[in-house]
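Novice: Sharing a structure here in structure tokens format.
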Amino acid sequence: MCNDYRLMVDVASIVGDFAHLKIKIRFGEGVPNVEAREDIKITDMAPIVRGIEGTRDEADLVQRRWSWPDRNKRPVYNFRSDGREFISNRCLIVADGFYEFTDPTEKGKKRKDKWLFTKKNEPIFCIAGIWRETDDVGQAFTMLTMEPGPDIAPYHDRQIVILGRDAWADWLDPSVSAKSLIRPLPAGTLNIEQVG
């Protein structure tokens, strides 16, 4: 499952992409310092976009921790979406790439092969997420997962939920059925590159 993703764009680029969709980004906690990172790992702080109650054309960009601890203190960084509605605390996790790892194809190689997935012709994309308040770490988010689509299936038996741009505003609106938005992307939507 996804335990490493990438975001190499700045806040202004994120705001611009949302503005193109007629969604105004607010900064309820001030403009966060979003630095370009090749690898965003579990427990790192990263930007998420959350809806603002009562409006579909505005959202709040904040930085939160990726994963909250479960009962046994293990990080919950992926969460199965199967059959769930998620009627509150939805968020969009902004990324421009994510990684999956497979057994090495090269004989004698000890490290797993690392694959970078990016969306064709889109500088950023959004992963469906949820956030929650915890006693241990405060507010934190996790990525939703689903059965793999055709681009991911050769690499993993599950995948993160990547939302089409036309679904971003709907995901932030809890009155819209989550099940209606969670679906695989068409074959050929993602670029795939071996990077390690």
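Novice: Within the set of pairs 6+ apart or on separate chains, which have a first residue in the stretch 92-104 that is under 12 Å from residue 39 (Cα atoms) and in contact (Cβ under 8 Å) with a residue 12 or more places away in the chain, a second that is open to solvent by 10 Å² or more (accessible area, probe 1.4 Å) and of a type in the set (Lys, Arg), and C-beta atoms under 6 Å apart?
Specialist: Partner pairs satisfying both residue conditions: 96/6; 97/6; 99/114.
Novice: Quick check: is even one residue across the stretch 63-82 aliphatic (A, V, I, L, M) and in contact with a Lys or Arg (Cβ under 7 Å, 6 or more places away or on another chain)? Step through it out loud before you land on a result.
Specialist: Our first condition is that a residue be aliphatic (A, V, I, L, M); within the stretch 63-82, this holds for 76.
Adding the requirement that they be in contact with a Lys or Arg (Cβ under 7 Å, 6 or more places away or on another chain) leaves none.
Looking through the stretch 63-82, none of the residues is aliphatic (A, V, I, L, M) and in contact with a Lys or Arg (Cβ under 7 Å, 6 or more places away or on another chain).
Novice: Select from the stretch 172-196 the residues that are touching a strand residue (DSSP E or B) at 6+ places or on another chain (Cβ under 7 Å) and among the hydrophobic types (A, V, I, L, M, F, W, C) and list them in ascending order.
Specialist: Those that are touching a strand residue (DSSP E or B) at 6+ places or on another chain (Cβ under 7 Å) and among the hydrophobic types (A, V, I, L, M, F, W, C): 172, 181, 182, 185, 190, 192, 195.
Novice: Look through 108, 83, 138 and report the one residue that is in contact with a strand residue (DSSP E or B) (Cβ under 9 Å, 6 or more places away or on another chain) and at positive phi. Spell out how you get there, then give the answer.
Specialist: Values: 108 fails: in contact with a strand residue (DSSP E or B) (Cβ under 9 Å, 6 or more places away or on another chain); 83 fails: in contact with a strand residue (DSSP E or B) (Cβ under 9 Å, 6 or more places away or on another chain).
Answer to the check: 138.
Novice: Of everything in the stretch 79-133, what is in contact with a Pro (Cβ under 7 Å, 6 or more places away or on another chain) and among the small types (Gly, Ala, Ser)? Give them in sequence order.
Specialist: Residues of the stretch 79-133 that are in contact with a Pro (Cβ under 7 Å, 6 or more places away or on another chain), as a first pass: 87-88, 90, 94, 96, 111-113.
Selection gives 88 alone.
Novice: So which residues in the stretch 26-73 are without any contact (Cβ under 8 Å) to a residue 24 or more places away in the chain, closer than 20 Å to residue 168 by Cα and among the small types (Gly, Ala, Ser)?
Specialist: Residue satisfying the conditions is 54 alone.
The values are calculated or read from the model by the stated rules, or taken from the named source; none is laboratory data. Predicted, not measured: the structure shown is a model, and the values here were computed from it. Because the Cβ atoms are built from the backbone with ideal geometry, glycine has one as well, and the counts that use them run over all protein chains shown. Remember, those area values only see protein heavy atoms, side chains included, never the ligands or the DNA or RNA. Shrake-Rupley method; radii C 1.70, N 1.55, O 1.52, S 1.80 Å.
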